[in-house]
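To start, the structure under review is shown below, and the notes come after it.
The values are calculated or read from the model by the stated rules, or taken from the named source; none is laboratory data. Because the structure is predicted, anything quoted here is derived from the model rather than measured. Every residue, glycine among them, receives a Cβ derived from its backbone with ideal geometry; neighbour counts consider all protein chains shown. Only protein heavy atoms, including side chains, enter the accessible area calculation; ligands, DNA and RNA are left aside. Shrake-Rupley method; radii C 1.70, N 1.55, O 1.52, S 1.80 Å.
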Amino acid sequence: MSSLPAPLTRIIYTSRRAAQTMHLEEGALVEQILGVSRVKNATWRLSGLLVSGHGRFAQTLEGPPDLVAGMFDLIRQDERHHDVRLLHQAPTPSRCFATW
């Protein structure tokens, strides 16, 4: 009996940088976010891509559906993000950013 691969989902969202982080240089803020994200994403079995520029973020997150949803809830509550907008959410047969 073969086991089926675990289902995966992918979301893409955008957000604006929160006003209270404007004192930080954009690169420093991204490094701060990435430092925390790398640990959480490994624990939560998530992968993805984060793009930042001109006070905006765009991110793709992929992984088990319940974990992606949970992480997206945390992101929406994160004070560093403002105006979080979900652009895409769908099941996916494989990861695009498995090593990211």
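Observations on the model:
- Taking every C-alpha pair closer than 8 Å and separated by at least 6 residues, the mean separation divided by the residue count of the chain gives a relative contact order of 49 percent.
- From helices alone, the chain scores -10500 deg cm²/dmol at 222 nm; the rule is -39500 (n - 2.57) for each run of n ≥ 4 DSSP H residues, then divide by the residue total.
- If only the Cβ of Lys and Arg carry +1 and only the Cβ of Asp and Glu carry -1, the dipole of the chain around its Cα centre is close to 160 debye.
- Rounded to 10°, Cα long-axis angle of helix 26-44 versus longest principal axis of the chain: 20 degrees
- Axis of helix 65-77 versus longest Cα principal axis of the chain: the two differ by about 10°, to the nearest ten degrees.
- Residue (of Q32, S94, V51) at the positive-pole extreme of the chain, dipole from beta-carbon charges: S94
- Where a label projected 7 Å from the Cα of V36 along Cα→Cβ would reach, residues of segment 43-72 with amide N under 14 Å: 71-72
- Accessible surface area normalised per residue over the chain is 64 Å², counting heavy atoms of protein chains with a 1.4 Å rolling probe.
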